[in-house]
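Peer 1: Dropping a structure here in structure tokens format, bear with me for questions.
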Amino acid sequence: MNKDTGIGKRCPKCGRDDVPFYHSNRADGFQGHCKACKDVVSKRYQREHPECKARQWKKGKAKREADPVMMAEWKESRRWIWFKHRYNITKEQWDIRFESQGRRCANPGCRTDDPGNGGWHIDHDHRCCSGYRCCGKCKRGILCQRCNQALGLLDDGAEKIRGLADYVELVTGNFQAAALAA
């Protein structure tokens, strides 16, 4: 039997021995049924007893709210679960990418080390992934909140961005010329 996954142990419910088991404090280190059978039983129980899940949630929430350190750790763990789900990126991959950017905004015109009120954002190509989730292949960099918001408002359009930059230079030049003439 594999000591890490429990593969090789026979599940008494389905009879298979080629499936993984959840870890437990039992003598062999694994629960009595394989993961698939345990999940079926757990989901059925949760459907039949929704009050138990709600009670567990409230108990855990009260415990977290009473301890600020625990609450901060919980929020941080939820953040990384969300990043993995939404952007297909782990904390380790994020750290590597952010370190390669010098722990600054990836926009060469910004390069701030202040993320702004909204924190750091993962920039990805919206043309690649049209849905809510990112495939992970179209991530471009980590931006500060302001640059990410500006890029989103301009629909990631390079032509719009260049046009706006040209406009700002033109208007700034006109104001400087008017100030010199006066």
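Peer 1: Would you grab the residues whose amide H sits under 5 Å from the one on residue 140? Only those 5+ places off in sequence or on another chain, please, with H modelled 1.01 Å from N.
Peer 2: Amide H to amide H, under 5 Å and 5 or more residues apart or across chains, residue 140 pairs with 123, 124, 125.
Peer 1: Please give the charge dipole size of the range 1-136, origin at the Cα centre, charges +1 on K and R Cβ atoms and -1 on D and E Cβ atoms. Round to the nearest 20 debye.
Peer 2: Around 700 debye, computed over the range 1-136.
Peer 1: Beyond a 23 Å Cα-Cα separation, which of these cross-linked pairs lie in this structure: 9/35; 13/43; 61/139; 139/160; 84/137?
Peer 2: Beyond 23 Å between Cα atoms: 61/139.
Peer 1: Using a Cα-Cα cut-off of under 16 Å, which aspartates and glutamates could be cross-linked to residue 38, ignoring same-chain neighbours fewer than 8 residues away?
Peer 2: Of all the aspartates and glutamates, those that pass the test against residue 38 - Cα under 16 Å, at least 8 places apart if same chain - are 17, 18, 48.
Peer 1: Along the range 109-126, what does the Karplus equation 6.51 cos²θ - 1.76 cosθ + 1.60 (θ = phi - 60°) give for ³J(HN,Hα), rounded to whole Hz, x for Gly and Pro?
Peer 2: With the stated coefficients, the range 109-126 comes to x, 10, 6, 6, 9, 9, x, x, 5, x, x, 7, 10, 8, 8, 9, 7, 6 Hz.
Peer 1: In terms of the ratio Rg/(2.2 N^0.38 Å) built on C-alpha atoms, what value belongs to the range 34-73?
Peer 2: Cα Rg divided by the expected 2.2 N^0.38 Å: 1.55.
Peer 1: On a C-alpha basis, how far is the centre of the range 112-145 from the centre of the range 28-76 in Å? Whole number, if you could?
Peer 2: 31
Peer 1: Can you give the relative contact order of the range 89-174 as a percent, counting alpha carbon pairs under 8 Å and 6+ residues apart?
Peer 2: RCO, the range 89-174: 27 percent.
Peer 1: Could you identify which residue out of 81, 142, 161 has the top mean-square fluctuation in a GNM of the chain using Cα springs shorter than 10 Å?
Peer 2: 161
Peer 1: Something else about it: Once the Cα gyration tensor of the range 97-154 is found, what semi-axes does its equivalent ellipsoid get, as square roots of 5 times the eigenvalues, in whole Å, sorted largest first?
Peer 2: 19, 13, 9
Peer 1: Starting from the 7 Å offset along Cα-to-Cβ, what nm value, one decimal, do you get for the label separation of residue 55 and residue 127?
Peer 2: For residue 55 paired with residue 127, the spin-label model returns 5.5 nm.
Peer 1: For the chain, with a Gaussian network of springs between Cα atoms less than 10 Å apart, report the residue from 119, 109, 29 with the top mean-square fluctuation.
Peer 2: Of 119, 109, 29, the Gaussian network model singles out 29 as fluctuating most.
Peer 1: Order the peptides 32-43, 50-61 from the highest to the lowest mean number of other Cβ atoms within 10 Å of their residues.
Peer 2: So the peptides 32-43, 50-61, ranked by packing, come out 32-43, 50-61.
Peer 1: Hey, another quick one. Just need the relative contact order of the chain here, percent rounded to a whole number, with Cα pairs under 8 Å and 6+ apart.
Peer 2: 11
Peer 1: Specify the angular offset, from 0 to 90 degrees and rounded to the nearest 10, of the alpha carbon long axis of helix 158-181 from the longest principal axis of the alpha carbons in the chain.
Peer 2: Between helix and principal axis, roughly 30 degrees.
Peer 1: Summing -39500 (n - 2.57) over the DSSP H runs of n ≥ 4 in the chain and dividing by its residue number, what mean residue ellipticity at 222 nm do you reach, to the nearest 500 deg cm²/dmol?
Peer 2: So the calculated ellipticity at 222 nm is -17000 deg cm²/dmol.
Peer 1: For residue 16 and residue 85, compute 0.36 nm times the residue count separating them, minus their Cα-Cα distance, and round to one decimal in nm.
Peer 2: 21.8 nm
Peer 1: For the Cα atoms of the chain, what angle does the longest principal axis make with the long axis of helix 50-66, in degrees from 0 to 90, nearest 10?
Peer 2: The angle comes out at about 60 degrees.
Peer 1: Near residue 75, which aspartates and glutamates are there with a Cα under 14 Å away, not counting those fewer than 8 places off in the same chain?
Peer 2: Counting by Cα, and skipping residues close in sequence, residue 75 has these aspartates and glutamates nearby: 65, 67.
Peer 1: Quick one: plug the Kirkwood hydrodynamic radius of the chain (C-alpha pairs) into Stokes-Einstein at 4 °C, 1.567 mPa s, and report D in µm²/s.
Peer 2: 60
Peer 1: Going by alpha carbons, how many degrees (0 to 90, nearest 10) lie between the helix axis of 68-87 and the longest principal axis of the chain?
Peer 2: The answer is roughly 80 degrees.
Peer 1: Given springs between every Cα pair under 10 Å in a Gaussian network model of the chain, which of 125, 166, 156 has the largest fluctuation?
Peer 2: For the chain, modelled as a Gaussian network with Cα springs under 10 Å, the answer is 166.
Here, each number is a calculation from the coordinates, and none is a lab measurement. Given the structure is predicted, the values throughout are model-derived calculations rather than measurements. With ideal geometry, Cβ positions are generated from the backbone for all residues, glycine too; neighbour counts draw on all protein chains shown.
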